[in-house]
Structure formats: C-alpha cells, structure tokens
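The next block holds one structure in the form of structure tokens; read it before the comments.
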Amino acid sequence: MELRDIEIFLTLAEELHFTRTAERLHVTQARVSQAIKKQERRIGAALFERNNRQVALTPIGQRLFDDIRPMYRGLHEGMDRARLAARGKTGVLTVGSIAVNLHDFRPMFDAFAQDHPDCEVQLRHVDFGDPFGRLRAGEIDMQIVWLPVEEPDLTVGPVIYTEPIVLAMAVTHPLAERESVSYEDLADQTVMGGARPDYWREVLVPLRTPSGQLIRIGPSASNFQEMIPILVTGEAVSPVHAQAARYYARPDIAYVPIRDAPPGRWGLIWRTDGETELIRAFARVAHHLNSVAGPSV
C-alpha cells in the first residue's frame, strides 16, 4: 500500500466525508474514491459503508485504522526528529490554539525559546467544534483555549490573556449601529452554535438572557471561517472574543461590545497523563509573564 493511499484512508476514516477528505489533502474526490477501492480490492473486504447520506467504517476498516494510525504517526514523528536533529534541535513542543491572535503571545514563545534553544515550538490550529479532540489524540502537547475547562483528564494551567466579548453581526443588522449591546438583546435574535461541550459554549453563548428569556440557537460552525457567510447574510449573530475584530476585520461584519459580558479568559491546558518537563517549563514561562505584565489586553 502506497504511503499516499494510507494517508487517504486515514483521513477519510477521520472525516467520514469524501469531499472534505479531498479538500484536506488537496486531491480530487475521484482520487480518494480510487484509492479506497484499490485498498478494498487488495484486502478483499469493504473498509467503508457508504450511501447517499453517510460514510462509516466497517469493522474491518476500524481494525485497519486502529492498526495503521499509530505506525503512520510514528513514521512522521521519526521524520520530524530527523529534521529537528539536522537543525540542531533535540525536542519539539506542539501547541494547539483556538485563538487567532498568536502574535499577542509572541513574548511567551520568545521567552520559552530563549530558555530552551534546543526545543522547537510548533503551532497547530484547533476548531472550537471539537476543542479537546486533537489534544486527547496526542496530536498536540498543550493548547491555548478559552476558559473555563472542566475536563477530568485535562490539567488547566495559567491564564495567559483576557479580553472583552463582542457581538459579531452583519453591518446591516439593526444592532450594528449601537455603541454597545446587552445579552438581553439576544432574546430577539438567532445566535450561532457549534462550540461544544455545552458548558464551554455557554461561556460565550448563554442559553438564556439575564431576565430568563430563551436565546434561540441557530446554525452551527466549527471555526470562524465557517461563521463568516452566516454572519454576513444576517442568518445569525454571535458573541465572539474581541480579537476577532482585529484578525477578521471585514467591511461586511460589525463588532459591538457586549457590556454585561464578563471578560473572556484564555489559558493553557494539557493532558494530565501526558505532562512532560517541556510542558511544565512552558507553563512556568507563561505564569511568569502573566505575573509580571498581567494577562489583560
């Protein structure tokens, strides 16, 4: 089995969607179908059950996925270690982030690099539709995420950043002309969903207004890029962190402060059973910078 075909199989097993798999790997959907059919002919059994509505792994496909995935990851980790050694690096720390304002964290990354010149920090994006999946799968070592996080298998480290919460909406929306809005104003609006688990989403998007009125949750998105067309067309509004106004400034989207929203807090988290000295060292650097300069921006 060719390495590219293995990559196609593993990606389809994760996405369970031919189009998304093709887009993620930058190949045609026909290439994905061809690779899967070739693998199924070689094995002599179906790896996926597929119809017009869904794609699912067969028991044999699931077994193959469980067997191949760690070996494929090990192959890439071996290549990464070789590349690091060629640059004089002996370690790597992979940091995932839902936040888009990574430039604001540059002092933290620079301070860690100064203390650990032999370690390379690699950054990865994480969708808020599955905020802890990549961390639990071992694809990243630690993560920048909005708080609170109440997961028994995850350790919550220092707060590294705080910021206001604003309401994102189409510039043509009636609320866009206001200087500020209240969570009470959301009683008459359709608000975007998608972040999970529920307790974590409700930090930004509460289920009820302060007076107890139900807030209507509408279409879902798993990242800000998916939110843009929903906001622009006026289909829904959404509370977001204020960093979005800087990094997703657009002429067709307005950002208005939510005056009764508590400040959004960002912190570091990691798997409790995956804690390493590099993770502890990074957390110490973040804590030190926070205690010296304060997390607020």
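Report, in debye and to the nearest 20, how large the dipole of the chain comes out about its Cα centre when Lys and Arg carry +1 and Asp and Glu carry -1 on their Cβ. Please list the in-between numbers first.
Values: 33 positive and 39 negative charges, 179 e Å.
In total the dipole reaches around 860 debye.
Between beta-carbons, use under 13 Å as the cut-off and find the net charge around Leu25, counting Lys and Arg +1, Asp and Glu -1.
Values: positive: Arg4, Arg20, Arg24, Arg31; negative: Asp5, Glu7, Glu14, Glu15, Glu23.
Local charge sum for Leu25: -1.
Per-residue accessible area for Asp118 at 1.4 Å probe radius, Å² rounded to 10?
Surface accessible to solvent at Asp118 totals approximately 70 Å².
Near the amide H of Gly193, under 5 Å away, which other amide H atoms are found, from residues 5 or more places off or on another chain, if H is placed in the peptide plane?
Gly218, Ser220, Ala221
Rolling a 1.4 angstrom probe over the protein heavy atoms, how many square angstrom per residue are accessible across segment 1-93?
Numbers: 5950 Å² over 93 residues.
Heavy-atom SASA per residue in segment 1-93 reads 64 Å².
For Ile98, list long-range residues whose amide hydrogen, built 1.01 Å from N in the peptide plane, is under 5 Å from its own amide hydrogen.
Close amide H contacts, sequence-distant or interchain: Val126, Ile144.
Restricting to the chain, compute how many DSSP beta bridges are antiparallel as a %, nearest 5. Numbers along the way, then the final one.
Details: 25 of 41 bridges.
If we restrict to bridges inside the chain, about 60 percent are antiparallel.
For the chain, with all protein chains present and a 1.4 Å probe, just round the carbon and sulfur fraction of the accessible area to a whole percent.
Details: 8030 of 15360 Å².
Accessible surface attributable to carbon and sulfur in the chain totals 52 percent.
Rounded to the nearest 10 degrees, what's the angle between the helix 3-15 long axis and the longest principal axis of the chain, both from Cα atoms, 0 to 90?
Taking Cα atoms only, the helix is inclined about 40 degrees.
Could you tell me the center-to-center distance, by alpha carbons, between segment 57-79 and segment 255-281 in angstrom?
Result: 31 Å between the Cα centres.
Calculated FRET efficiency, Ile217 and Ala85, Cβ-Cβ r, R0 51 Å, to nearest 0.05? Don't skip to the end; give the middle numbers.
Values: r = 49 Å, r/R0 = 0.97.
Result of the calculation: an efficiency of 0.55.
About the Cα centre of segment 143-200, what is the dipole size in debye to 20, counting +1 per Lys and Arg Cβ and -1 per Asp and Glu Cβ, all else neutral?
160 debye
At a 10 angstrom cut-off on C-beta neighbours, averaged per residue, how do the peptides 53-61, 240-248 rank from highest to lowest? Walk me through the intermediate numbers first.
Working: 53-61: 13.8, 240-248: 19.0.
Order by mean packing, descending: 240-248, 53-61.
Over segment 172-218, average the accessible area per residue using a 1.4 Å probe and give it in Å², no decimals. The partial results should precede the final answer.
Working: 2550 Å² over 47 residues.
Per-residue accessible area for segment 172-218 comes out at 54 Å².
Over all directions, what mean area does the Cα convex hull of segment 201-288 project, stated in square nanometres? Can you show the working numbers first?
Details: hull surface 34.0 nm².
Seen from a random direction, the Cα hull of segment 201-288 projects 8.5 nm² on average.
Given the -39500 (n - 2.57) contribution per DSSP H run of 4+ residues, what per-residue ellipticity at 222 nm results for the chain, rounded to the nearest 500 deg cm²/dmol?
Working: 10 runs with 113 residues, N = 297.
Rounded to the nearest 500, it is -11500 deg cm²/dmol.
Could you tell me what fraction of 2.2 N^0.38 Å the Cα radius of gyration of segment 89-170 comes to, as a two-decimal ratio? Write out the running numbers ahead of the final one.
Values: Rg = 14.1 Å, N = 82, 2.2 N^0.38 = 11.7 Å.
So segment 89-170 has a normalised radius of gyration of 1.20.
With the alpha-carbon atoms as the only input, what is the per residue convex hull volume for segment 1-139 in Å³? All intermediate terms of the calculation are to be shown ahead of the outcome.
On the way: hull volume 19.0 nm³, N = 139.
Hull volume normalised by residue count: 137 Å³.
If you find the alpha carbon centre of segment 14-55 and of segment 146-190, how far apart are they in angstrom?
So the two Cα centres are separated by 38 Å.
Identify which of Arg42, Arg134, Arg250 has the largest mean-square fluctuation in a Gaussian network model of the chain, with springs joining Cα atoms closer than 10 Å.
Highest fluctuation among the options: Arg42.
Could you tally the net charge around Asp185, taking each other residue with its Cβ under 11 Å from the Cβ of Asp185, Lys/Arg +1 and Asp/Glu -1? Before the final figure, lay out the partial values.
On the way: positive: Arg178, Arg259; negative: Glu184, Asp188, Asp260.
Value of the local net charge: -1.
Compute the distance in nm between two label points, each set 7 Å from the Cα along the Cα-to-Cβ direction, one at Asp153 and one at Ile60.
Distance between label points: 3.0 nm.
So what is the relative contact order of the chain, in percent, for Cα pairs below 8 Å that sit 6 or more residues apart? Please list the in-between numbers first.
Values: 451 pairs, mean separation 61.9, N = 297.
That works out to 21 percent.
Give me the one-decimal nm value for the distance between modelled label points at Arg50 and Arg124, 7 Å along each residue's Cα-to-Cβ direction.
In this crude spin-label approximation the distance works out to 2.6 nm.
Using the Karplus equation 6.51 cos²θ - 1.76 cosθ + 1.60 (θ = phi - 60°), what ³J(HN,Hα) coupling, rounded to whole Hz, does each residue of segment 92-101 give in order, writing x for Gly and Pro?
9, 10, 9, 10, x, 8, 7, 5, 9, 8
Working with all protein chains in place, sort Glu151, Glu139 by solvent-accessible area computed with a 1.4 Å probe, largest first.
Numbers: Glu151 35, Glu139 65 Å².
Final ranking, largest accessible area leading: Glu139, Glu151.
Taking only Cα atoms, what is the 0 to 90° angle, nearest 10, from helix 59-86's long axis to the longest principal axis of the chain?
It is inclined by approximately 80 degrees.
What is the sum of charges, Lys and Arg at +1 and Asp and Glu at -1, for the other residues whose Cβ falls under 12 Å from the Cβ of Ala35? Provide the component values of the computation, followed by the final result.
Details: positive: Arg4, Arg31, Lys37, Lys38, Arg41, Arg42; negative: Glu2, Asp5, Glu7, Glu40.
It works out to a net charge of +2.
State the answer as a single residue: which of Val171, Thr190, Ile217 lies farthest towards the positive end of the charge dipole of segment 147-283, with beta carbon charges of +1 for Lys and Arg and -1 for Asp and Glu, about the Cα centre.
Among Val171, Thr190, Ile217, the one farthest towards the positive end of the dipole of segment 147-283 is Val171.
What FRET efficiency comes out for the pair His26/His288, r = Cβ-Cβ distance, R0 = 41 Å, nearest 0.05? Could the numbers behind the result be given before it?
On the way: r = 41 Å, r/R0 = 1.00.
Computed FRET efficiency for His26 and His288: 0.50.
Here are labelled values, (i) 36, 29, 16; (ii) 52, 25, 14; (iii) 29, 24, 18, and one is the computed semi-axes √(5λ) of the Cα gyration tensor in Å for what I pasted. Which one?
Entry (i).
The values are calculated or read from the model by the stated rules, or taken from the named source; none is laboratory data. Quick caveat, the model's predicted, so the values are computed rather than measured. Note that we place each Cβ from the backbone using ideal geometry, even for glycine, and neighbour counts take in every protein chain shown. Just so you know, the surface numbers come from the protein's heavy atoms only, side chains and all, with ligands and any DNA or RNA stripped out. Shrake-Rupley method; radii C 1.70, N 1.55, O 1.52, S 1.80 Å.
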